[in-house]
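Read the structure below first, then the notes.
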């Protein structure tokens, strides 16, 4: 998971961890832990909420949560 890009997108959208925690229904501390973890600690439903709240494109979603692995696999399938 690209924690730097996740934080950058949050800051770019003028959102605080507190705002995203509220949207996800978790504590600020839990949000901080998830945002700062190198491993993806977000549940699938939480990632979808973040896509909406941060207005992420597919490429941004893939870069943040999957280190571009989804795009790589899609390219293999399409060949």
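The values are calculated or read from the model by the stated rules, or taken from the named source; none is laboratory data. Only a predicted model underlies this, so the values are computations on that prediction, with no experimental measurement involved. Glycine also receives a Cβ, built like all others from the backbone with ideal geometry; neighbour counts cover every protein chain displayed.
A few points about this structure:
- Residue that is surrounded by the most Cβ atoms within 10 Å (Cβ to Cβ) [pool: residues in the range 2-15 that are on the phi < 0 side of the Ramachandran plot and not in a helix (DSSP H, G or I)]: 2
- Considering only residues in the range 55-75 that are part of a loop (DSSP other than H, G, I, E, B) and either without any contact (Cβ under 8 Å) to a residue 40 or more places away in the chain or touching a helix residue (DSSP H, G or I) at 6+ places or on another chain (Cβ under 8 Å) (or both), the one that is surrounded by the fewest Cβ atoms within 10 Å (Cβ to Cβ) turns out to be 57.
- Any chance residue 29 is modelled with pLDDT of 95 or more and surrounded by 14 or more Cβ atoms within 10 Å (Cβ to Cβ): no
- Flag: residue 18 matches the condition of being exposed (fewer than 14 other Cβ atoms within 10 Å of the Cβ), at pLDDT 95 or above and either over 10 Å from the mean Cα position of the chain (by Cα) or not in a helix (DSSP H, G or I) (or both).
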